[in-house]
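The values are calculated or read from the model by the stated rules, or taken from the named source; none is laboratory data. Values in this document were obtained by computation on a predicted structure and should not be read as measured data. Cβ: placed from backbone, ideal geometry, glycine included. Neighbour counts: every protein chain shown. Keep in mind that these areas ignore ligands, DNA and RNA; they rest on the heavy atoms of the full protein, side chains included. Shrake-Rupley method; radii C 1.70, N 1.55, O 1.52, S 1.80 Å.
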Amino acid sequence: TYTIDTISNQTFPALTTGYTNGTQETKTLTIQNTGTGSLANVAVALSGTNAGDFDITQPPVTSLTSGDSTTFTVKAKDDLVAGTYTATVIVSADNLTPVMFTVTQIVSAVPTYTIDTISNQTFPALTTGYTNGTQETKTLTIANTGTGNLANVAVAVSGTNAGDFDITQPPVKSLTSG
């Protein structure tokens, strides 16, 4: 018989657009001859829409007797833009029915960090000598409208009369996206 051990579909850890070239994972996969016959001309190839978005190496050993194994590597190429990339890996050899599995790399867009616009605030006029504590307090909402999570959220007042206003910090310091 001419068979190899099953190779499962491979999903690489997600990347973010602009990832540093060479930092994407390289998977080393094993081709194990599980049949009784020897395999000659063992090779691997990529096919499918995104085949050109992966690099694959050929096995260093191309003849496998029963029980022998060899390896090859596959990884996503450098500089991929945001998207999902899937290709089919085909393992072939003389007398072997080709064995196929998929490789998938997801590249996410760079997160954005934005909040809803908070409009300028005007307080009602106060009369000289007003009673402390009678001035209006405004509660404003900070809403994360970006795709990235915000951490260490803080607020400040600036300008000529900044010292004439009291401000409290938000009780929640982290805002999830959306």
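Key figures
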item	result
Selection within segment 107-127 - over 30 Å from PHE54 (Cβ atoms), surrounded by 10 or more Cβ atoms within 10 Å (Cβ to Cβ) and among the polar types (S, T, N, Q)	THR114
Test: residue in segment 3-23 that is outside any strand (DSSP E or B), of a type in the set (A, V, I, L, M) and surrounded by 15 or more Cβ atoms within 10 Å (Cβ to Cβ)	yes
Top-ranked residue in segment 128-146 [being among the small types (Gly, Ala, Ser) and under 12 Å from SER177 (Cα atoms); ranked as most open to solvent (accessible area, probe 1.4 Å)]	ALA143
Number of positions in segment 93-110 that are within 26 Å of SER66 (Cα to Cα) and either modelled with pLDDT of 95 or more or part of a strand (DSSP E or B) (or both)	9
Some residue of segment 70-92 being over 30 Å from GLY148 (Cα atoms), part of a loop (DSSP other than H, G, I, E, B), touching a residue at least 24 places away in the same chain (Cβ under 8 Å) and open to solvent by 40 Å² or more (accessible area, probe 1.4 Å)	no
Members of segment 156-166 that are open to solvent by 90 Å² or more (accessible area, probe 1.4 Å), part of a loop (DSSP other than H, G, I, E, B) and not hydrophobic (A, V, I, L, M, F, W, C)	SER158, THR160, ASP166
Hits in segment 24-64 - residues which are assigned to a loop (DSSP other than H, G, I, E, B), surrounded by 12 or more Cβ atoms within 10 Å (Cβ to Cβ) and of a type in the set (Ser, Thr, Tyr)	THR34, SER38, THR57, THR62, SER63
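Residue-by-condition table, conditions (1) exposed (fewer than 10 other Cβ atoms within 10 Å of the Cβ); (2) under 30 Å from ALA14 (Cα atoms); (3) not small (Gly, Ala, Ser):
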site: GLY148; (1), (2), (3): no, yes, no
site: ALA154; (1), (2), (3): yes, no, no
site: THR168; (1), (2), (3): yes, no, yes
site: SER174; (1), (2), (3): no, yes, no
